[in-house]
Each structure stands twice: as structure tokens, then as C-alpha cells.
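Read-outs: derived from the displayed coordinates by stated rules, not from any lab. Everything numeric here is computed off the predicted structure, so don't read it as measured data. Counting neighbours? That spans all protein chains shown, and the Cβs are built from the backbone with ideal geometry, glycine included.
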Amino acid sequence: MLELSRIREEKDAIAEGLKTRNLDVKNQLEEVIALDEKRRDTQQQMEKDLAELNTLAKSIGGLFQQGKVEEANVLKAKTGTLKEQSSQLKTVLQETEDAINKILFTIPNVPNPIVPKGNSDQDNEIIFENGQLPQLHAKALPHWDLIKQYDLVDFELGVKITGAGFPVYKGKGARLQRALINFFLDEAINAGYEEVIPPLLVNADSGFGTGQLPDKDGQMYHDAQDNLYLIPTAEVPITNIYRDVILNESQFPIKNVGYTPCFRREAGSWGSDVRGLNRLHQFDKVEIVQVVHPDKSYDTLDQMVAHVKNLLEKLELPYRVAKLCGGDLGFTSALTFDMEVFSAAQEKWLEVSSISNFETFQANRLKLRYKSEGNKPQLAHTLNGSALALPRILASILENNQTETGINVPKVLVPYTGFDTI
RNA sequence: AGAGAGGUGGCCGAGUGGCUUAAGGCGCACGCUUGGAAAGCGUGUAUACAGCAAUGUAUCGAGGGUUCGAAUCCCUUCCUCUCUACCA
């Protein structure tokens, strides 16, 4: 959520910036500013009444203690209208604040100036591409055939137990999956991230804090009985560790890594590109999260991109880095880099990581601030990225490393799997 | 899940309707003192919103209510602890 003070000060710049998302928010911003003026007027009037009431109450207290009941009753009579007036103003104030928030909830983050204009992922800017695309042998198969042939993942079994999109990993498939999780965690820990194992269900406050609510309500599994949401990403519980927190500047940078399963309803997004492991309702992901000083957040973003690049290099996967255009940028993000691996048999680039700087957009909702010597608390910057999402990595490893006799396990994973071929 | 006890500042802890502007202590910061330190003494020590400022308003888990006045009384709700039940 954008800060009200920022809207007051840089209305035109914000409106200009959001054009990159193909949005025209000029009218909404004007409305917010008008409502904000009303809010301040109302607050001033209300507080004047309350101050007067407080003074009267003290006088009445004093008079009662001196036994001057008559005089006290005279003052008492004066409180009635003030009370009524102030409570009416309180209602108006509340309604005005609600109206402001209702608009603010619909306005996404302002893109960084380097974000390209564009409508869809077609317009994302490829800023880096490594290595050669692998040449597969003539009988090479897509991963959904490979996992059947080698009995690595069973979708039908998942359908029986749960439903579509909930696969069962088996044997070497399960071990490769676990190897990847441990590899990713170890790499992050070596890079200075502290590991956390967060809850997989979160309350509505947490959903609001990171911005999944209210706009992505339908994308999360919801337990109505206890009003809890299954996490769509570890970003939600990990970032919410810092909700309502005032950090000391010396605590920066905060670096957390967590492995969790992720749950997504993916309502309305089922189509031809969702075969096999490409899109699931439940999948595993290792997530890195940082909370940093505002001056450092773009350096941090670069570091996080470098970290994920390094993972892909070590796994010997062909990949590229895309800078998301305004039309593809997530609601809460100011700048996002997507990492895509090439899945050779599908001949497709698959998104395996999305690394974003949210600047103060999440911190404002989270009330996540830091304090520096002699200054008032300021909003911190939050960032996160997948490092990495598992199923598509698995898919591309299987496809890219297949030979006519089997599938080679990337060298860095062998100590984790205990086998080098499938 | 049932019964009981609780939730007060960074922490501990007093406070059952009005000199509470939340006592007292600990911690922390600064100053005095000292050869240096400790002790001692003094001063300070939350957040948000409004205001140029002085200052005002709100916040004692959260939300309502009673009252001229609520940390204190009432209702709702969340959480913690103890015991019982259940359970990995």
C-alpha cells in the first residue's frame, strides 16, 4: 500500500509512474487527497471536542471531591452535546479513513523507472542468457513421459488421494526432490541467510501484510472454519515475522531462507501449458527474504539475482533473466526479475524464480520500520525471491540431462542424492 | 475440548471509578563524581495521527458498552499459563 504522505507530496510522479502499468490513477489520487483533507478537518474538530470533554471531566471530578454537587451538575449538563457531536465526528472520521483505504488497496506499487512499458510477458526484457541450449537425442521425451518411464512422479495416485495438481513423488523422484531442497537451503545458509521453518497456514492479517489479501483472495486455499489460509509462498509467513516490528538499524540486513510447500488454487489458469510438473496446486519452494535499509534495497536485489544465477550455474541449467514489464509486474512489486530455465524437450522457458523489490509497499501494510540514531521510525524495504521453485527445476533437469540409457544427476546434487544416474 | 487463573511501557511489576500526567524496580542513554572503573547522585527513555510550533488526541491484548470521568465496571473476542481429557 502506498503511503498517504507520499501521495500528498508526489501525486503527479506516482500517476506518471503507474502509466508503466498501463494504469491511469490520476482521479483516484485526487479523490484520496480530497478525502485526506476531510479526514484531517474532521480529526481536528473531534479532538477539540474531546479535549474540552476531558477538561470538563476533570473539573467535575474536583468539584465532587469538594462536595460541590450543584456546580458539578451544571458542568455535567454541558457535556451532552459535546459527547454527541464528538461521537458523530468519530463515525465520519472512521468512514473517511475506510474510504481512503478502499482506494489505496486498489493502487499497485509504483514501478521503478527502469521498468519497461508493456502489456504481457511477451514484452519482458531479456537481460541475460547463459550458455548453449542442449541438443537432445532423437528419442528425447518431455518430463511427463520420463517420470512415467522411470516411475518418479505419479499424478494418477495424487488424483486418487487428493485431486489434480497434487502429485506423489516416488523413489528416486522423491530423493531428487529432497536433494534439491537441501542443496538450495545449504547454498542460502552459506550466503548468510538464517533458516526458518514457518507455519503453512496464516491468518488474514498476514495475508494483508504481504498483499495477497484482499486482491488475491480466490487464489489461496481458505479454511473457513478457522479463517486461515494455506500459504501460496513462504514469503507470506516469513515476511510477516516482521509485521508490527521496529528494528534497530544495526539489525540490517535481515536475511531469511525457508523451505515450504506452497498451495495455489490456480483458479482459471488451466490450459495447454500446464502439463506435468509445469503448474501444480501444491509444490515445494525454497524462498529467500530480506529486510533492508531503503538505501540498500537495489544492491540487495542484484545480490539476490546473483545468488539465484549461481544456483542455476551449479545445476548446469540453461537459463535467462527477464526484467518484467509494467503489465506483467506483480501488484506489490517495484521491480522484478524472473529467472527462466530452458526445458529442452518441451522447448520452453519455464519461470523458476521471481525476485522482487517491494520497497516500502509491503512494509507500509506490515508496519515494518527501523529506527536510526536520533530519527523517527522509518519504513524498511522488503524483498524476496524463489531460490528456487522445485517442480520446474526437476522437469528441466530430467529433460535436459536425459540420454538414451538414463538421466544424469547434476554433479552438485550427487552428494545429496547418493546416486548419479536415474 | 472442560475447569480455573491471567494479559499493564524494552523487561519485571503496582494499580478495583477521579491528585495515574501509569507508582516502584531493572535495563539502556547522557551528565556529575573518579587516576580509571564500580557504586552513588541527577536527567532522560513508546507509537500513531493532527499542528509551523506550544501542544492536543488516541493507545494498559483487540473490539463494543456503562459513566461527566474507565487500566479499573459490563459484554464479545483473541491469546497465555495451570489442572483434567485427548493426542504425535
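Here are the numbers for this structure:
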| item | result |
| --- | --- |
| Inter-probe distance in nm under a simple model that places probes 7 Å from Cα toward Cβ, at A:ALA57 and A:VAL69 | 2.3 |
| Neighbour count of at most 13 Cβ within 10 Å plus DSSP loop: longest chymotrypsin sites (Phe, Trp or Tyr not before Pro)-free window in chain A | A:1-269 |
| Full-stretch length increase - A:LEU136, A:ILE189 - with 0.36 nm per residue and alpha-carbon distance subtracted | 15.6 nm |
| Under Karplus coefficients 6.51, -1.76 and 1.60, residue-wise ³J(HN,Hα) of the range A:110-116 in Hz, glycine/proline x | 7, x, 4, x, 7, 5, x |
| Rounded tilt (10° steps) of A:69-104 against the dominant C-alpha axis of chain A | 30 |
| Formal net charge of residues neighbouring A:PRO391 (Cβ-Cβ distance under 11 Å; K, R +1; D, E -1) | +2 |
| Calculated FRET efficiency for the pair A:ASP98/A:GLU373, C-beta based, R₀ 41 Å, to 0.05 | 0.65 |
| HN-Hα J in Hz across the range A:200-207 - Karplus 6.51, -1.76, 1.60, θ = phi - 60°, x for Gly and Pro | 9, 10, 10, 7, 5, 4, 5, x |
| Rg in Å to one decimal, and Dmax rounded to a whole Å, for the range A:351-422 via C-alpha atoms | 21.0, 67 |
| Neighbour count of at most 12 Cβ within 10 Å plus DSSP loop: longest GluC sites (Glu not before Pro)-free window in chain A | A:1-346 |
| Trypsin sites (Lys or Arg not before Pro) restricted to the range A:63-170 and DSSP loop, no more than 11 other C-beta within 10 Å | A:LYS139 |
| ³J(HN,Hα), Karplus 6.51/-1.76/1.60, whole Hz, each residue of the range A:362-370, x for Gly, Pro | 6, 4, 5, 5, 6, 6, 9, 10, 9 |
| Lysine pair count for the range A:4-104 [Cα-Cα under 14 Å; pairs on different chains or 8 or more apart] | 9 |
| 0 to 90° range, to nearest 10: angle between helix A:390-400 axis and chain A longest Cα axis | 20 |
| Charge sum, other residues only, whose C-beta stays under 15 Å from A:LYS26's C-beta, Lys/Arg counted +1 and Asp/Glu -1 | -2 |
| Extension gain, A:ASN22 back to A:LEU82 (0.36 nm per residue minus Cα-Cα distance, nm) | 16.7 nm |
| Average silhouette area of chain A, convex hull of alpha-carbon atoms, in square nanometres | 26.2 |
| Residue-averaged [θ]222 nm for chain A, counting only DSSP H segments that reach four residues, each worth -39500 (n - 2.57) | -13500 deg cm²/dmol |
| Spherically averaged projected area in nm², based on the convex hull that wraps the Cα atoms of the range A:66-136 | 12.9 |
| Nearest-ten-degree value, helix A:26-65 long axis tilted from longest Cα axis of chain A | 50 |
| Residue-span extension gain [A:PHE331 to A:ASN408] - 0.36 nm each, minus C-alpha spacing | 23.8 nm |
| Local electrostatic count, A:ALA267, Cβ distance below 15 Å [Lys/Arg +1, Asp/Glu -1] | +1 |
| The range A:97-231 - Rg over Rh from alpha carbon coordinates, Kirkwood radius | 1.04 |
